[in-house]
Amino acid sequence: MELQGISKLDLKRRNRIQILKVIKENGPISRVDIASSMKITRAAVTIITNEMIEEGVLYEVGEAPVSLDNLQKGRRKILIDINENYKFALGASISDERICIGLTNLNGKILDKTSTDVTPEMTNEDILNYITDSCKNILINSCLDSSKLLGLGVAIQSDMCSKMKVYYKDGKLDYSKVIKVLTASLGIDVICSNLTSSLALANQLPDLSERSGNYAFIKLGNHVNLAILLENEVMHENVFYTNHVEKMIVNPGGRKLEGYPDGSVRAELTRDAIISKYKEVFSQENTPVLWEVTNGNPENIYYKTLWAAASKGDSKTLEVLNNVLQCLCVLINNLSVAFFTKSVILHGFKMNDWTYEYFKKFITDFCGEEVAKKIHLSRVEDNFEFKGGTCSIILDNFFNKGGIDNDQF
């Protein structure tokens, strides 16, 4: 006869997972309030949290501050919180533009980082060797050994899967070759994920309690990638296929690109497509300000020089900018309608303050104030994309395991 039920270890882990979730969303918080939130006894919470404090997972912050509006008799509540330095996480990101490696604590505070540009000559082995060497150097510089690490989270952009020899198997991406090499080289736990999906989660993690609803995360670069979060979870169909957004049409009958519909995201909104639009009108007569800030060299046309010229009223530069923003507005509006999004997060757009305010006004006029209010810039900067990897390893090996080490039991 097959026995049914849940083991004591599984029950313990579940309770610890829930406690960590409550503290993450509301901490610092008292044991009484944790018990109330979880609807279990205060005694049970006390036993579990005391054990977690002994392990170093949690710590007592001190007494709750006095509230003049809600004075209480007796001893004040003792608040507890997650020990952000209980464990540390290594992260790596692999995009078609750069490789970023970094180390963070449980709250995502960056302790060390390094990065390098990706070149066409780089092989799979070159990239894995760079990650391995960088991780070893970071650990030496930080005086950390494997006992203080959750592991290494590697976030790979969809468009780099082929180069990294990551292929589909049984309907999902098989990262086993990457994991095998890095695990053997570093001797730590390694997990892999989609870069855009991981960055979307990294943008949510610091304040999950305020992040109910659906979110769209748009990553701009040599390619455009999209992740959709449904109530703080990556939409299943979107876990791997983040680059499929490039086939969406944002300018019917617009620019042509083989293999894509006319006016597609790929043809209109990738970095190369945007720069090409400006190069087509670039001249001393048409774009005098842009000509001046680039010293007449079209190879000096990049986001910083474009925003500088546009902010000074360069008419043709503004005309092209308006075309780009109109395409972006169509994409954002379509995503908002299709997925009932509460927010749309833009990553890699490199907007300065002037461009961001100009864009917000543009989208207000084009789509309405309700859509404009949804727009936010990514909290993770381009050179810190490794935080997508650290976010994944922290979620998988800390929060989703209740802070229990694999060899603890």
### Message
Let me test this: with uniform point scatterers at the alpha carbons of region 74-188, what is the Debye-based log₁₀ I(q)/I(0) at q = 0.12, 0.15 1/Å?
### Response
-0.48, -0.69
### Query
Can you give the angle from 0 to 90° between the axis of helix 353-367 and the longest principal axis of the chain, with both taken from C-alpha atoms, to the nearest 10?
80
### Query
lysines within cross-link reach of residue 77: Cα-Cα under 24 Å, excluding same-chain residues under 8 positions apart?
21, 24, 39
### Query
Can you sort 109, 387, 87, 21 by how many other beta carbons sit within 10 Å, fewest first?
109, 21, 87, 387
#### Entry: Antiparallel %, DSSP beta bridges [both residues in region 207-381], to 5
55
### Message
Run the helix sum for the chain: -39,500 (n - 2.57) per DSSP H stretch of 4+ residues, divided by residue count, reported at 222 nm to the nearest 500 deg cm²/dmol.
### Response
-12500 deg cm²/dmol
#### Entry: Rel. contact order, % - alpha carbon contacts under 8 angstrom, at least six apart, the chain
18
### Query
Here are several values of mean projected area of the Cα convex hull in nm²: (i) 19.7; (ii) 26.1; (iii) 23.3. Which one was derived from the coordinates shown?
(ii)
### Query
Which residue, 396, 382, 33, has the most motion in a Gaussian network model of the chain that connects Cα atoms within less than 10 Å?
33
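What ranking of 351, 160 emerges when the number of other C-beta atoms within 10 Å of each C-beta is taken as an exposure proxy, fewest first? Working shown, then result.
Details: 351 16, 160 20.
Final ranking by Cβ density, sparse to dense: 351, 160.
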### Task
Using only the Cα atoms of region 141-236, build the gyration tensor, take square roots of its eigenvalues as a ≥ b ≥ c, and label the shape rounded, prolate or oblate: rounded if a/c is under 1.5, else prolate if a/b is larger than b/c, else oblate.
oblate
### Max mean-square fluctuation residue, GNM over the chain, Cα-Cα springs under 10 Å, options 85, 300, 107
300
### Query
Where both residues lie in the chain, what percent of DSSP beta bridges are antiparallel, nearest 5?
60
### Message
Using a Cα-Cα cut-off of under 14 Å, which aspartates and glutamates could be cross-linked to residue 361, ignoring same-chain neighbours fewer than 8 residues away?
### Response
353, 369, 370
### Message
Over region 207-361, what is the relative contact order in percent, taking alpha-carbon pairs closer than 8 angstrom and at least six residues apart?
### Response
25
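Determine the gain in length on full extension of the stretch residue 286-residue 184; use 0.36 nm per residue of separation and subtract their C-alpha separation, reporting nm with one decimal.
So the chain would gain 31.0 nm between residue 286 and residue 184.
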### Query
Among 183, 119, 390, which one moves the most in a GNM of the chain with springs linking Cα atoms closer than 10 Å?
119
## Note on the structure
Taking alpha-carbon centroids only, region 116-157 lies from region 315-367 a number of Å equal to 35
### Query
Which FRET efficiency, nearest 0.05, do residue 162 and residue 256 yield, Cβ-Cβ r, R0 25 Å?
0.55
### Candidate lysines - alpha carbon under 18 Å from residue 163, same-chain residues fewer than 8 apart omitted
172, 177, 180
### Query
Using Cα atoms only, what is the angle between the long axis of helix 124-142 and the major principal axis of the chain, expressed in degrees (0 to 90) to the nearest 10?
50
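Each reported figure results from applying straightforward, stated rules to the coordinates on display, with no laboratory input. From a predicted model like this one, the values you see are computed outputs, not experimental measurements. Cβ coordinates were reconstructed from backbone atoms using ideal geometry, including for glycine residues, and neighbour counts include every protein chain displayed.
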